[in-house]
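S.K.: There's a structure below that I have some questions on.
The values are calculated or read from the model by the stated rules, or taken from the named source; none is laboratory data. Predicted model, so just to flag it, every value in this text is computed and none were measured. With ideal geometry, Cβ positions are generated from the backbone for all residues, glycine too; neighbour counts draw on all protein chains shown.
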Amino acid sequence: MDAWLGLAAILVGLASCFYGYPLFRIFLILAGLLYGYALGQSWAPAGHPGVSLAVGLGAAVVLGVLAYPLWSLGVIIAGAALGCTILVSLGLALNASQTVLILLGVGGAVAVGLMFYYVRDLFVILTTAFNGAALVVFGLGGSFPSLAFGGGRANLPGLVMMLVLGAFGFAVQYGLFKERRTYSSYS
């Protein structure tokens, strides 16, 4: 990893971890641009850098524009997926029948999806804190190999650092922004 990329990841990660709540929509647009560009680059033919760049920039603009107004839908979908996963896993652990598993999955998806919708502000604080912590660890991984995640393997020191930094960032942001309702007032 280039040193400038590691430094940028650390700086953006710290901003997100400790002050991500008011900057959330900006981070969404940037994430949409980055993911759109990466997606566009993967779709374009390898031997045509001009086409690859054009497709990447086009996808970046589309995802960047869509990330801002559709974030609330993403919160509901993330909550629904989490609720379904948790209750279906519980049902599987208890050897529930197929019908019970379906009911648990649907019930969990609806319940947790709605819960995430109604506590969007808390969810924004939580996600910006832990995503920022992950970026900091990613940035530090270039200089400190003991923190780097490589080859799809878990790394205990990096994971512990992410959890501790994310929890601290959540506590700081919650203390600063717990009275705000910036995202609950939007659909």
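S.K.: Determine the pairs where a residue that is among the aliphatic types (A, V, I, L, M), located within segment 97-126, has a partner that is buried (at least 18 other Cβ atoms within 10 Å of the Cβ) and outside any helix (DSSP H, G or I) with Cβ atoms under 9 Å apart, the partner being 6 or more residues away or on another chain.
M.R.: Matching pairs, first to second residue: Val124/Tyr183.
S.K.: Among the residues of segment 59-76, which ones are part of a helix (DSSP H, G or I) and within 25 Å of Ser42 (Cα to Cα)?
M.R.: Within segment 59-76, Ala59, Ala60, Val61, Val62, Leu63, Gly64, Val65, Leu66, Ala67, Trp71, Gly74 meet the criteria.
S.K.: Would it be correct to say that Ser146 is at pLDDT below 85, loosely packed, with under 13 Cβ neighbours inside 10 Å, more than 20 Å from the chain's Cα centre (by Cα) and under 17 Å from Phe24 (Cα atoms)?
M.R.: Criteria not met by Ser146.
S.K.: Here are Gly158, Gly83, Gly108, Gly169: which of them is over 20 Å from the mean Cα position of the chain (by Cα) and in a helix (DSSP H, G or I)?
M.R.: Going through Gly158, Gly83, Gly108, Gly169 in turn, the sole match is Gly108.
S.K.: Can you pull out the residues in segment 103-114 that are surrounded by 16 or more Cβ atoms within 10 Å (Cβ to Cβ) and not small (Gly, Ala, Ser)?
M.R.: Leu104, Val112
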